[in-house]
Amino acid sequence: MMSRTRGFTLIELMLALVLMAGISSILYGSLALASRSWDGGEAKADQVSDMRSTLAYLRAQLSEQYPQRMWKTPEVQLMFAGERDEMRYAAVLPERVAGGGVYYFRLAVVRNGDKSQLVQERLIPDTSALQEPEFRDSERSVLAEDIAELKVSYFGRDANAAELDAPSWRDRWDDRQRLPLLVRVDVKPVKAPPWPSLLVEPRRGPEAGCPVWDNAQGRCLRTGGR
């Protein structure tokens, strides 16, 4: 007996091709979604790592601020000044970075083309100058990209206030004789959630960099009475 083998019809073949195309489209979409999720997870992990390393660096440096003074200014003023959106201070760099030593820093958010960056500018201060240096030709390090806002707050007493006066938080630091008791740094990225607040207590008092410290007036003197 002879048997006949029945083949696929044109309609069945077209249906099979349509099903294969649908399955391939679903698989491609799943792989693309998985790839985007993976890339997004890596980007978020990088952001978290950058945030943690930047906060750790700032915490270590701000807590070790150096009470550097301008010796030829009338008030023998500290090299420390604070605004709401920037802070200028003196601190020590490790020897492995630029040879170490005491530098004058500026922490701020600056625009670079269409980007906004959290930067730290630094220069070697001339403590015999008659006024503080400007950060025109300073070296710059980028601490974080795509930062929308930097907010710095200072906890301390008013200039010339007595030690018994109650300290308070403020957006500006005008006392050129004493460092604030606490400094709080808040960073807000453009797209990511705000960073955790960084609260730092400077460990060195302003008298550490002063030859004669007047406790009654809370100011530095060049000599015993002047």
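The values are calculated or read from the model by the stated rules, or taken from the named source; none is laboratory data. All values reported here derive from a predicted model rather than from experimental measurement. Note: ideal-geometry Cβ built from the backbone for every residue, glycine included; neighbour counts use all protein chains shown.
Number of residues in the range 111-137 that are of a type in the set (Val, Ile, Thr) and more than 18 Å from residue 50 (Cα to Cα): the value is 2.
For (1) surrounded by fewer than 13 Cβ atoms within 10 Å (Cβ to Cβ); (2) within 21 Å of residue 65 (Cβ to Cβ), each residue gets a yes or a no:
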| position | (1), (2) |
| --- | --- |
| 140 | no, yes |
| 164 | yes, no |
| 170 | no, yes |
| 177 | no, yes |
| 197 | yes, yes |
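Condition first: surrounded by 13 or more Cβ atoms within 10 Å (Cβ to Cβ), within 20 Å of residue 67 (Cα to Cα), out of contact with any Gly (no Cβ under 8 Å at 6 or more places or on another chain) and at pLDDT below 95. Now tell me which residues in the range 142-162 satisfy that.
Start the filter on the range 142-162 by keeping residues that are surrounded by 13 or more Cβ atoms within 10 Å (Cβ to Cβ), which leaves 142-157, 159, 161.
Checking the rest, the ones that are also within 20 Å of residue 67 (Cα to Cα) come to 152-157, 159, 161.
Right, trim to out of contact with any Gly (no Cβ under 8 Å at 6 or more places or on another chain) and you get 153, 155-157, 159.
Of everything in the range 142-162, those that are surrounded by 13 or more Cβ atoms within 10 Å (Cβ to Cβ), within 20 Å of residue 67 (Cα to Cα), out of contact with any Gly (no Cβ under 8 Å at 6 or more places or on another chain) and at pLDDT below 95 turn out to be 156, 157, 159.
Among residues of the range 1-30 that are loosely packed, with under 10 Cβ neighbours inside 10 Å, none has a Cβ under 7 angstrom from a residue that is at pLDDT 70 or above and not in a loop (DSSP other than H, G, I, E, B) at a sequence gap of 6+ or on a separate chain.
The rows are residues; the columns are (1) assigned to a strand (DSSP E or B); (2) in contact with a strand residue (DSSP E or B) (Cβ under 9 Å, 6 or more places away or on another chain); (3) within 28 Å of residue 73 (Cα to Cα); (4) without any contact (Cβ under 8 Å) to a residue 12 or more places away in the chain.
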position: 133; (1), (2), (3), (4): no, yes, yes, no
position: 143; (1), (2), (3), (4): yes, yes, no, no
position: 151; (1), (2), (3), (4): yes, yes, no, no
position: 155; (1), (2), (3), (4): yes, yes, yes, no
position: 158; (1), (2), (3), (4): no, yes, yes, no
position: 162; (1), (2), (3), (4): no, no, yes, no
position: 166; (1), (2), (3), (4): no, no, no, yes
position: 175; (1), (2), (3), (4): no, yes, yes, no
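Farther than 21 Å from residue 77 by Cα, surrounded by 11 or more Cβ atoms within 10 Å (Cβ to Cβ) and within 18 Å of the chain's Cα centre (by Cα), is that true of residue 183?
On the way: farther than 21 Å from residue 77 by Cα: no; surrounded by 11 or more Cβ atoms within 10 Å (Cβ to Cβ): yes; within 18 Å of the chain's Cα centre (by Cα): yes.
So residue 183 does not fit the description; no.
Give me the residue from the range 105-117 that is farther than 16 Å from residue 57 by Cα and part of a strand (DSSP E or B) and, out of that set, modelled with the lowest pLDDT.
To start, the set of residues in the range 105-117 that are farther than 16 Å from residue 57 by Cα comprises 109-117.
Subset that is part of a strand (DSSP E or B): 109-112, 115-117.
Working: 109: 95, 110: 93, 111: 88, 112: 82, 115: 87, 116: 92, 117: 93.
So the residue we want is 112.
With respect to the conditions (1) farther than 26 Å from residue 144 by Cβ; (2) part of a helix (DSSP H, G or I); (3) at pLDDT below 75; (4) small (Gly, Ala, Ser), residue 3 falls short on a single one, namely (2).
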